[in-house]
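What follows is a set of notes on a single structure, which appears directly below.
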Amino acid sequence: WPFYLPMALFIPPTHAIVHKELNLLYQFWIHTEAVKSIGPLEYVLNTASHHRVHHGANRYCLDKNYAGVLIIWDRMFGTFEAERDSGIVYGLVDQPQFWNPVKHQLFYYGKVIEKARSMTNWTDFFFAFVKGPGWFPGTARLGDITFVEENPVREKFEVPVSSFLHFYTITHFLLSFIAVDFVSKSMELMSQPVSILLALYILWSLTNIGLLYENSSWAWPSEMIRCTVTLLLINQLAVVFALPAYVLQAMFTVQDLLCSALWCWLTG
(Lines give C-alpha, C1' and ligand atoms only; values in the text may rest on other atoms or scores of the structure.)
Protein backbone atom coordinates (compact mmCIF):
# COMPACT_ATOMS: atom_id res chain seq x y z
CA TRP A 1 0.00 0.00 0.00
CA PRO A 2 2.83 2.57 0.47
CA PHE A 3 3.29 2.54 -3.31
CA TYR A 4 -0.30 3.75 -3.73
CA LEU A 5 0.21 6.86 -1.60
CA PRO A 6 1.60 9.10 -4.42
CA MET A 7 -1.72 8.60 -6.26
CA ALA A 8 -3.33 10.83 -3.63
CA LEU A 9 -1.59 13.78 -5.30
CA PHE A 10 -3.58 13.19 -8.50
CA ILE A 11 -6.53 10.90 -7.74
CA PRO A 12 -9.18 11.50 -5.02
CA PRO A 13 -8.79 8.87 -2.26
CA THR A 14 -12.45 7.87 -2.62
CA HIS A 15 -11.85 6.98 -6.29
CA ALA A 16 -8.68 5.04 -5.40
CA ILE A 17 -10.47 3.04 -2.68
CA VAL A 18 -13.34 2.08 -5.01
CA HIS A 19 -10.85 1.07 -7.70
CA LYS A 20 -8.90 -1.05 -5.19
CA GLU A 21 -12.05 -2.82 -4.01
CA LEU A 22 -13.18 -3.55 -7.58
CA ASN A 23 -9.72 -4.94 -8.30
CA LEU A 24 -10.02 -7.15 -5.20
CA LEU A 25 -13.47 -8.40 -6.22
CA TYR A 26 -12.10 -9.32 -9.65
CA GLN A 27 -9.56 -11.62 -7.96
CA PHE A 28 -12.22 -14.06 -6.76
CA TRP A 29 -13.01 -15.72 -10.07
CA ILE A 30 -9.40 -16.14 -11.21
CA HIS A 31 -8.48 -18.36 -8.23
CA THR A 32 -9.84 -21.57 -9.75
CA GLU A 33 -8.90 -24.54 -11.90
CA ALA A 34 -12.44 -24.88 -13.25
CA VAL A 35 -12.00 -22.16 -15.91
CA LYS A 36 -9.50 -23.26 -18.55
CA SER A 37 -9.72 -20.42 -21.09
CA ILE A 38 -11.96 -17.50 -22.03
CA GLY A 39 -10.79 -17.22 -25.62
CA PRO A 40 -9.44 -13.98 -27.12
CA LEU A 41 -9.89 -12.14 -23.81
CA GLU A 42 -6.86 -14.10 -22.56
CA TYR A 43 -4.73 -11.59 -24.50
CA VAL A 44 -6.10 -8.63 -22.53
CA LEU A 45 -7.40 -9.73 -19.15
CA ASN A 46 -5.75 -11.48 -16.23
CA THR A 47 -7.54 -14.82 -16.27
CA ALA A 48 -7.65 -17.99 -14.18
CA SER A 49 -5.10 -19.59 -16.50
CA HIS A 50 -2.65 -16.67 -16.17
CA HIS A 51 -3.13 -16.47 -12.40
CA ARG A 52 -2.48 -20.17 -11.90
CA VAL A 53 0.97 -19.51 -13.34
CA HIS A 54 1.45 -16.64 -10.88
CA HIS A 55 0.88 -19.02 -7.95
CA GLY A 56 3.07 -21.81 -9.32
CA ALA A 57 6.37 -22.96 -7.82
CA ASN A 58 7.53 -24.48 -11.12
CA ARG A 59 10.63 -22.84 -12.55
CA TYR A 60 8.78 -21.29 -15.49
CA CYS A 61 6.17 -19.76 -13.14
CA LEU A 62 8.52 -17.75 -10.93
CA ASP A 63 8.12 -13.94 -11.01
CA LYS A 64 5.41 -14.11 -13.69
CA ASN A 65 1.95 -12.67 -14.28
CA TYR A 66 1.71 -9.96 -11.62
CA ALA A 67 -1.43 -8.45 -13.18
CA GLY A 68 -4.50 -7.58 -11.17
CA VAL A 69 -7.07 -7.14 -13.95
CA LEU A 70 -5.19 -6.45 -17.20
CA ILE A 71 -2.52 -8.89 -18.38
CA ILE A 72 -1.27 -6.36 -20.96
CA TRP A 73 1.14 -4.93 -18.37
CA ASP A 74 2.96 -8.25 -17.99
CA ARG A 75 3.06 -8.61 -21.76
CA MET A 76 4.56 -5.12 -22.05
CA PHE A 77 7.17 -5.51 -19.30
CA GLY A 78 8.32 -9.04 -20.05
CA THR A 79 6.85 -10.84 -17.04
CA PHE A 80 4.12 -12.75 -18.91
CA GLU A 81 4.15 -16.53 -19.12
CA ALA A 82 1.40 -18.71 -20.56
CA GLU A 83 0.22 -21.81 -18.73
CA ARG A 84 1.78 -25.06 -19.90
CA ASP A 85 0.34 -28.57 -20.02
CA SER A 86 2.96 -30.04 -17.67
CA GLY A 87 0.92 -29.20 -14.57
CA ILE A 88 1.48 -26.58 -11.88
CA VAL A 89 2.74 -27.18 -8.36
CA TYR A 90 1.25 -24.39 -6.26
CA GLY A 91 3.06 -22.60 -3.47
CA LEU A 92 6.37 -20.91 -2.78
CA VAL A 93 9.91 -22.01 -3.52
CA ASP A 94 10.67 -22.10 0.20
CA GLN A 95 7.32 -23.48 1.28
CA PRO A 96 6.27 -22.71 4.90
CA GLN A 97 5.34 -25.80 6.90
CA PHE A 98 2.88 -24.42 9.45
CA TRP A 99 -0.71 -23.14 9.75
CA ASN A 100 -0.15 -20.09 11.95
CA PRO A 101 -1.68 -17.14 9.98
CA VAL A 102 0.36 -14.47 11.79
CA LYS A 103 3.58 -16.37 11.18
CA HIS A 104 2.62 -16.73 7.51
CA GLN A 105 2.36 -12.95 7.21
CA LEU A 106 5.80 -12.42 8.73
CA PHE A 107 7.64 -15.51 7.46
CA TYR A 108 9.11 -14.05 4.28
CA TYR A 109 10.04 -10.75 5.88
CA GLY A 110 12.26 -12.83 8.14
CA LYS A 111 13.72 -14.59 5.10
CA VAL A 112 14.52 -11.27 3.42
CA ILE A 113 16.15 -9.90 6.58
CA GLU A 114 18.12 -13.14 6.94
CA LYS A 115 19.39 -12.80 3.37
CA ALA A 116 20.23 -9.10 3.83
CA ARG A 117 22.25 -9.83 6.97
CA SER A 118 24.32 -12.37 5.04
CA MET A 119 25.59 -9.69 2.63
CA THR A 120 29.16 -8.42 2.93
CA ASN A 121 28.58 -4.79 1.93
CA TRP A 122 25.90 -2.10 2.27
CA THR A 123 25.04 -2.05 -1.44
CA ASP A 124 24.15 -5.74 -1.50
CA PHE A 125 22.39 -5.33 1.85
CA PHE A 126 20.08 -2.72 0.26
CA PHE A 127 19.60 -4.77 -2.95
CA ALA A 128 18.42 -7.73 -0.86
CA PHE A 129 15.28 -5.71 -0.06
CA VAL A 130 14.54 -4.21 -3.48
CA LYS A 131 15.54 -6.94 -5.94
CA GLY A 132 13.82 -10.25 -6.61
CA PRO A 133 13.44 -12.93 -3.93
CA GLY A 134 15.90 -15.18 -5.79
CA TRP A 135 18.54 -12.47 -6.19
CA PHE A 136 22.07 -12.88 -4.85
CA PRO A 137 25.23 -10.97 -5.78
CA GLY A 138 26.31 -11.85 -9.29
CA THR A 139 22.85 -12.76 -10.57
CA ALA A 140 20.27 -10.80 -12.59
CA ARG A 141 17.73 -8.51 -10.88
CA LEU A 142 15.21 -11.32 -10.36
CA GLY A 143 17.89 -13.83 -9.43
CA ASP A 144 19.02 -17.19 -10.78
CA ILE A 145 16.05 -19.57 -10.95
CA THR A 146 17.95 -22.52 -12.40
CA PHE A 147 18.31 -24.01 -8.91
CA VAL A 148 14.50 -24.46 -8.81
CA GLU A 149 13.18 -27.72 -10.24
CA GLU A 150 11.13 -27.41 -13.41
CA ASN A 151 8.41 -29.63 -11.88
CA PRO A 152 9.01 -29.78 -8.11
CA VAL A 153 7.68 -32.70 -6.12
CA ARG A 154 6.06 -31.54 -2.91
CA GLU A 155 4.16 -33.45 -0.27
CA LYS A 156 1.11 -31.84 1.25
CA PHE A 157 1.76 -30.45 4.73
CA GLU A 158 -0.66 -32.23 7.01
CA VAL A 159 -0.38 -33.09 10.69
CA PRO A 160 -2.58 -36.03 11.81
CA VAL A 161 -5.37 -34.80 14.12
CA SER A 162 -8.52 -36.29 15.62
CA SER A 163 -11.98 -35.86 14.09
CA PHE A 164 -13.03 -34.10 17.30
CA LEU A 165 -10.64 -31.26 16.52
CA HIS A 166 -12.45 -30.56 13.24
CA PHE A 167 -15.73 -30.15 15.12
CA TYR A 168 -14.08 -27.87 17.67
CA THR A 169 -12.31 -25.64 15.13
CA ILE A 170 -15.33 -25.37 12.81
CA THR A 171 -17.41 -24.14 15.76
CA HIS A 172 -14.89 -21.43 16.61
CA PHE A 173 -14.34 -20.51 12.99
CA LEU A 174 -18.07 -19.89 12.61
CA LEU A 175 -18.05 -17.76 15.77
CA SER A 176 -15.12 -15.78 14.36
CA PHE A 177 -17.03 -15.35 11.08
CA ILE A 178 -20.03 -13.95 13.00
CA ALA A 179 -17.69 -11.63 14.93
CA VAL A 180 -16.10 -10.32 11.72
CA ASP A 181 -19.56 -9.64 10.31
CA PHE A 182 -20.53 -7.76 13.50
CA VAL A 183 -17.37 -5.63 13.44
CA SER A 184 -17.78 -4.74 9.76
CA LYS A 185 -21.42 -3.70 10.27
CA SER A 186 -20.88 -1.84 13.56
CA MET A 187 -17.58 -0.10 12.85
CA GLU A 188 -19.11 3.37 12.81
CA LEU A 189 -20.83 2.80 16.16
CA MET A 190 -17.77 1.52 18.01
CA SER A 191 -14.82 3.46 19.33
CA GLN A 192 -11.46 2.79 17.71
CA PRO A 193 -9.97 1.03 20.79
CA VAL A 194 -12.96 -1.35 20.95
CA SER A 195 -12.68 -2.09 17.21
CA ILE A 196 -8.96 -2.84 17.55
CA LEU A 197 -9.49 -5.09 20.59
CA LEU A 198 -12.21 -7.06 18.79
CA ALA A 199 -9.99 -7.43 15.71
CA LEU A 200 -7.15 -8.72 17.91
CA TYR A 201 -9.54 -11.16 19.63
CA ILE A 202 -10.66 -12.52 16.25
CA LEU A 203 -7.04 -12.80 15.10
CA TRP A 204 -6.22 -14.65 18.32
CA SER A 205 -9.07 -17.09 17.67
CA LEU A 206 -7.96 -17.82 14.10
CA THR A 207 -4.29 -18.12 15.12
CA ASN A 208 -5.23 -20.69 17.75
CA ILE A 209 -6.98 -22.76 15.09
CA GLY A 210 -3.75 -22.83 13.10
CA LEU A 211 -1.73 -23.78 16.18
CA LEU A 212 -4.14 -26.60 17.00
CA TYR A 213 -3.71 -28.10 13.53
CA GLU A 214 0.07 -27.95 13.98
CA ASN A 215 -0.13 -29.79 17.32
CA SER A 216 1.80 -26.85 18.76
CA SER A 217 2.67 -27.02 22.45
CA TRP A 218 1.24 -23.48 22.77
CA ALA A 219 -2.12 -24.35 21.21
CA TRP A 220 -4.20 -25.63 24.12
CA PRO A 221 -2.75 -23.23 26.75
CA SER A 222 -3.46 -20.29 24.44
CA GLU A 223 -6.96 -21.59 23.74
CA MET A 224 -7.61 -22.07 27.47
CA ILE A 225 -6.61 -18.44 28.14
CA ARG A 226 -8.81 -17.25 25.26
CA CYS A 227 -11.82 -19.17 26.58
CA THR A 228 -11.22 -17.73 30.06
CA VAL A 229 -11.03 -14.18 28.67
CA THR A 230 -14.27 -14.84 26.78
CA LEU A 231 -16.00 -15.95 29.99
CA LEU A 232 -14.81 -12.80 31.79
CA LEU A 233 -16.27 -10.65 29.00
CA ILE A 234 -19.28 -12.86 28.29
CA ASN A 235 -21.93 -10.10 28.43
CA GLN A 236 -20.06 -7.87 25.99
CA LEU A 237 -19.16 -10.70 23.58
CA ALA A 238 -22.71 -12.11 23.58
CA VAL A 239 -23.70 -9.11 21.47
CA VAL A 240 -20.80 -9.73 19.09
CA PHE A 241 -21.62 -13.42 18.61
CA ALA A 242 -25.40 -12.79 18.38
CA LEU A 243 -26.04 -15.54 20.96
CA PRO A 244 -27.61 -15.46 24.45
CA ALA A 245 -25.06 -14.97 27.21
CA TYR A 246 -26.05 -18.22 28.97
CA VAL A 247 -25.44 -20.23 25.77
CA LEU A 248 -21.98 -18.72 25.34
CA GLN A 249 -21.23 -19.16 29.02
CA ALA A 250 -22.10 -22.86 28.91
CA MET A 251 -20.20 -23.38 25.68
CA PHE A 252 -16.99 -21.66 26.75
CA THR A 253 -17.07 -23.12 30.28
CA VAL A 254 -17.07 -26.64 28.85
CA GLN A 255 -14.39 -25.72 26.35
CA ASP A 256 -12.26 -24.02 28.99
CA LEU A 257 -12.37 -27.18 31.13
CA LEU A 258 -11.61 -29.26 28.06
CA CYS A 259 -8.58 -27.12 27.15
CA SER A 260 -7.31 -27.39 30.73
CA ALA A 261 -7.72 -31.17 30.74
CA LEU A 262 -6.00 -31.60 27.39
CA TRP A 263 -3.13 -29.34 28.41
CA CYS A 264 -2.64 -31.29 31.65
CA TRP A 265 -2.79 -34.59 29.74
CA LEU A 266 -0.30 -33.46 27.10
CA THR A 267 2.17 -32.03 29.63
CA GLY A 268 1.72 -34.71 32.25
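Sorting K111, K156, K103 by accessible area (1.4 Å probe), largest first, what list results?
Values: K111 70, K156 165, K103 105 Å².
Ranked from most to least accessible, the order is K156, K103, K111.
Between V18 and L203, the simple spin-label model (points 7 angstrom out along Cα→Cβ) gives 3.1 nm. Rolling a 1.4 angstrom probe over the protein chains, ignoring ligands and nucleic acids, what is the accessible area of L200 in square angstrom, nearest 10? Result for L200: roughly 100 Å² accessible.
Expressed as a whole percent, the accessible area of the chain that falls on carbon and sulfur atoms is 69 (1.4 Å probe).
Computed from the Cβ-Cβ distance with R0 of 41 Å, the FRET efficiency linking V93 to M187 stands at 0.60. Across region 250-265, computed HN-Hα scalar couplings (Karplus, 6.51 cos²θ - 1.76 cosθ + 1.60, θ = phi - 60°) run 5, 4, 6, 5, 4, 6, 5, 5, 5, 4, 4, 5, 5, 5, 4, 5 Hz from first to last residue, x flagging Gly and Pro.
For the chain, the longest principal axis of the C-alpha atoms and the axis of helix 192-213 are separated by about 80°.
Alpha carbon centre of region 94-132 versus region 156-174: separation in Å? Each part's Cα centre sits 30 Å from the other's. The label-point distance for D144 and L45, in a model that sets each label 7 Å from Cα toward Cβ, rounds to 4.1 nm. Taking every protein chain into account, the accessible area of region 114-203 amounts to 73 square angstrom per residue (probe 1.4 Å). Taking I113, I71 and ordering them by how much accessible surface each has at a 1.4 Å probe, largest first, produces I113, I71.
Potential lengthening of the chain between R75 and V159 amounts to 26.2 nm, from the contour at 0.36 nm per residue minus the alpha-carbon distance.
The values are calculated or read from the model by the stated rules, or taken from the named source; none is laboratory data. Owing to the predicted nature of the structure, the values given are computational and were not obtained by experimental measurement. Glycine gets a Cβ as well: all are built from the backbone with ideal geometry, and neighbour counts include every protein chain shown. In case anyone asks, the SASA skips ligands and DNA or RNA and just uses the protein heavy atoms, side chains included. Shrake-Rupley method; radii C 1.70, N 1.55, O 1.52, S 1.80 Å.
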